[in-house]
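J.: Quick one: the structure is below, and I'll ask about it shortly.
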Amino acid sequence: MAYRWTNDLTQADITPKAAYLNRRQILAGTIGLGAIGLAGRANAQELEANTLEEITSYNNFYEFGTGKSDPAQNAHQLVTSPWSIKVDGMVDNPGDYALDDLLAGLSVEDRLYRFRCVEAWSMVIPWNGIELADILNKVGVQSGAKYVAFETVVQPENMIGVQRRVLDFPYVEGLRLDEAMHPLTIMATGLYDEPLANQNGAPIRLVVPWKYGFKSIKSIVRITLTDKEPPISWNVANPREYGFYSNVNPEVDHPRWSQASERRIGGGLFAARQDTLMFNGYPEVASLYDGMDLSVEF
């Protein structure tokens, strides 16, 4: 069962709403009037959100092209309404759910998270979303389920990357069930209190802040509960470089570059690289991997 995130902050920690929307400094764990607690409070004074422009203009979304600006240029063609998600596999209540019906009655929370790309760049993003555990509990996870698989929409007529077959689409991702049920794992529906831009994975995407960004699959149309580890797109395409777990780990390099440091987007031309934190600065997930060799099960 999932447990709710508990807040250790006070009213004095809350960032005023006007400052939040004006993109001034936002401290970790101090989002919105509800003061909902966030993870990664270490180095809180240094955790400042990227601007909306930075977050929406520098993306990986290969369905819309491989360049960082391609999604912003091309994703306007994505059709996001109506939207439904197929929930199947080892669940009590499978079905094709209209997005509003699937999320009805669940609480949208504000989460300021570090975002670390496997390409060694990073951002800090103020997401609005729902704990994935709440959605899974709503549909009813059966006792034998061990993994959750996800699938991105395919709209060939609207996705230039699909037309060019830059990957084997649809894009698929997966988590172990305990990872999916962890309270840090959310399904984001917005950022900066605005609906997700298409290039950021509208209308709903996964966010797993302790893993490299490609694990946080965008524009989800299917969620499957299974007892077997699901194949995932990048691992299938290149298993030497992209493992199933893909936890942020400064001690395990990508075969073609170091993961010990990262370039913060928006830091300026002469900004120094930052040291990468184990699990991207979320040590509370470390117990999920007790007994595992993360250099082998990467």
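J.: For segment 107-128, indicate whether the set of residues that are in contact (Cβ under 8 Å) with a residue 60 or more places away in the chain, over 25 Å from residue 53 (Cα atoms), buried (at least 19 other Cβ atoms within 10 Å of the Cβ) and not basic (Lys, Arg) is non-empty.
T.: Within segment 107-128, none of the residues are in contact (Cβ under 8 Å) with a residue 60 or more places away in the chain, over 25 Å from residue 53 (Cα atoms), buried (at least 19 other Cβ atoms within 10 Å of the Cβ) and not basic (Lys, Arg).
J.: Give the number of residues within segment 243-258 that are in contact (Cβ under 8 Å) with a residue 24 or more places away in the chain and either of a type in the set (Lys, Arg) or under 19 Å from residue 68 (Cβ atoms) (or both).
T.: Residues in segment 243-258 being in contact (Cβ under 8 Å) with a residue 24 or more places away in the chain and either of a type in the set (Lys, Arg) or under 19 Å from residue 68 (Cβ atoms) (or both): 2 in total.
J.: Could you tell me whether residue 60 is open to solvent by 10 Å² or more (accessible area, probe 1.4 Å), more than 25 Å from residue 224 (Cβ to Cβ) and touching a Gly at 6+ places or on another chain (Cβ under 8 Å)? Before the answer, list the steps.
T.: Details: open to solvent by 10 Å² or more (accessible area, probe 1.4 Å): yes; more than 25 Å from residue 224 (Cβ to Cβ): no; touching a Gly at 6+ places or on another chain (Cβ under 8 Å): yes.
Answer is no for this residue.
J.: Select from segment 63-72 the residues that are open to solvent by 30 Å² or more (accessible area, probe 1.4 Å) and within 19 Å of residue 194 (Cα to Cα) and list them in ascending order.
T.: Answer for segment 63-72, where residues must be open to solvent by 30 Å² or more (accessible area, probe 1.4 Å) and within 19 Å of residue 194 (Cα to Cα): just 72.
J.: Does segment 191-207 include one or more residues that are free of Cβ contacts under 8 Å to residues at least 24 places away in the same chain, of a type outside the set (S, T, N, Q), buried (at least 21 other Cβ atoms within 10 Å of the Cβ) and in contact with a strand residue (DSSP E or B) (Cβ under 6 Å, 6 or more places away or on another chain)? Working first, answer last.
T.: Taking segment 191-207 as the starting set, the residues that turn out to be free of Cβ contacts under 8 Å to residues at least 24 places away in the same chain are 195-196, 205.
Filter once more, so that each one left must be of a type outside the set (S, T, N, Q): 195-196, 205.
Right, trim to buried (at least 21 other Cβ atoms within 10 Å of the Cβ) and you get 196, 205.
Now narrow it down to the ones that are in contact with a strand residue (DSSP E or B) (Cβ under 6 Å, 6 or more places away or on another chain): 196, 205.
So far as segment 191-207 goes, yes, one or more of its residues are free of Cβ contacts under 8 Å to residues at least 24 places away in the same chain, of a type outside the set (S, T, N, Q), buried (at least 21 other Cβ atoms within 10 Å of the Cβ) and in contact with a strand residue (DSSP E or B) (Cβ under 6 Å, 6 or more places away or on another chain).
J.: Could you check segment 76-101 and list, in sequence order, the residues that are more than 13 Å from residue 201 (Cα to Cα) and crowded, with 17+ Cβ neighbours inside 10 Å?
T.: Matches in segment 76-101: 85, 87, 89, 90, 91, 97, 99.
J.: Just checking, does segment 153-165 include any residue being modelled with pLDDT under 95 and of a type in the set (Lys, Arg)?
T.: yes
J.: Within segment 101-149, can you find the residues that are part of a strand (DSSP E or B), within 26 Å of residue 226 (Cβ to Cβ) and of a type in the set (Asp, Glu)?
T.: Once the filter is applied, which keeps residues that are part of a strand (DSSP E or B), within 26 Å of residue 226 (Cβ to Cβ) and of a type in the set (Asp, Glu), segment 101-149 yields only 131.
The rows are residues; the columns are (1) open to solvent by less than 30 Å² (accessible area, probe 1.4 Å); (2) free of Cβ contacts under 8 Å to residues at least 60 places away in the same chain; (3) touching a helix residue (DSSP H, G or I) at 6+ places or on another chain (Cβ under 9 Å); (4) of a type in the set (A, V, I, L, M).
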| site | (1), (2), (3), (4) |
| --- | --- |
| 137 | no, no, yes, no |
| 152 | yes, no, yes, no |
| 163 | no, yes, no, no |
| 173 | yes, no, yes, no |
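J.: Another one. Can you tell me how many residues in segment 213-243 are hydrophobic (A, V, I, L, M, F, W, C), open to solvent by less than 50 Å² (accessible area, probe 1.4 Å) and not in a strand (DSSP E or B)?
T.: So the first thing to find is which residues in segment 213-243 are hydrophobic (A, V, I, L, M, F, W, C), and the list is 214, 217, 220-221, 223, 225, 232, 234, 236-237.
In the following step, the residues that additionally are open to solvent by less than 50 Å² (accessible area, probe 1.4 Å) were identified as 214, 217, 220-221, 223, 225, 232.
Retained after the next criterion (residues that are not in a strand (DSSP E or B)): 214, 217, 232.
The number of residues fulfilling the criteria is 3.
J.: Could I ask something else about it? Regarding residue 180, is this residue open to solvent by less than 40 Å² (accessible area, probe 1.4 Å), within 14 Å of the chain's Cα centre (by Cα) and hydrophobic (A, V, I, L, M, F, W, C)?
T.: Considered against the rule, which asks whether it is open to solvent by less than 40 Å² (accessible area, probe 1.4 Å), within 14 Å of the chain's Cα centre (by Cα) and hydrophobic (A, V, I, L, M, F, W, C), residue 180 comes out as yes.
The values are calculated or read from the model by the stated rules, or taken from the named source; none is laboratory data. Source: prediction; values computed, not measured. We place every Cβ from the backbone using ideal geometry, glycine too, and count neighbours over all the protein chains shown. With ligands, DNA and RNA removed, areas are computed over all heavy atoms of the protein, side chains included. Shrake-Rupley method; radii C 1.70, N 1.55, O 1.52, S 1.80 Å.
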